[in-house]
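The values are calculated or read from the model by the stated rules, or taken from the named source; none is laboratory data. Only a predicted model underlies this, so the values are computations on that prediction, with no experimental measurement involved. Cβ placement follows ideal geometry from the backbone for every residue including glycine, while neighbour counts extend to all protein chains displayed.
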Amino acid sequence: MASRVHCDICNVVIAPHAHYIVRMDIFADPSIPELNTEDLEEMDADATFAKLIEQMKQMTADDLQDQVHRRFEFKLCPSCQKRFLANPLGLPRKVSSGEN
């Protein structure tokens, strides 16, 4: 027998195989910034890396991971799935000012 599934938003019990799965991958931009020879000559790589390592020493493993990649998975009921699709970032709705 399938275990009960609860909606991760509203916590309602969902019938077996009637839920939706939302997966989110959040990761650092993988593109490499443009560098030219002049930039490389002006950069003090040793000092830059030393500063970066010192900053990293103050961070937890979770903080470091958050800077690279994090994956989430949520189970949604049909009602919450519709609301999620309509506004996936949960941003406030903008009200346009108009004349009635």
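General observations
- Candidate set: the range 64-92, residues that are surrounded by fewer than 11 Cβ atoms within 10 Å (Cβ to Cβ) and of a type in the set (D, E, K, R); chosen: the one nearest to the chain's Cα centre (by Cα): 71
- Complete set of residues in the range 25-57 that are more than 30 Å from residue 73 (Cα to Cα) and of a type in the set (D, E, K, R): 34, 38, 39, 41, 42, 44, 46, 51, 54
- Remark: pairs (first residue in the range 70-92, in contact (Cβ under 8 Å) with a residue 24 or more places away in the chain; second residue in a helix (DSSP H, G or I) and surrounded by 10 or more Cβ atoms within 10 Å (Cβ to Cβ); Cβ separation under 7 Å; 6+ apart in sequence or on different chains) = 76/84.
- Matching residues in the range 1-33 - criterion: being at positive phi and at pLDDT 95 or above: 11
- Residue check for residue 59: without any contact (Cβ under 8 Å) to a residue 60 or more places away in the chain, surrounded by 10 or more Cβ atoms within 10 Å (Cβ to Cβ) and touching a strand residue (DSSP E or B) at 6+ places or on another chain (Cβ under 6 Å): no
- Unmet criterion (only one of (1) surrounded by fewer than 10 Cβ atoms within 10 Å (Cβ to Cβ); (2) in contact (Cβ under 8 Å) with a residue 40 or more places away in the chain; (3) hydroxyl-bearing (Ser, Thr, Tyr)) for residue 20: (1)
- Residue check: residue 51 meets all listed conditions (1) at pLDDT below 85; (2) surrounded by 10 or more Cβ atoms within 10 Å (Cβ to Cβ); (3) among the basic types (Lys, Arg) but one, namely (1).
- Sole residue being closer than 30 Å to residue 3 by Cα and not hydroxyl-bearing (Ser, Thr, Tyr), chosen from 76, 40, 64, 52: 76
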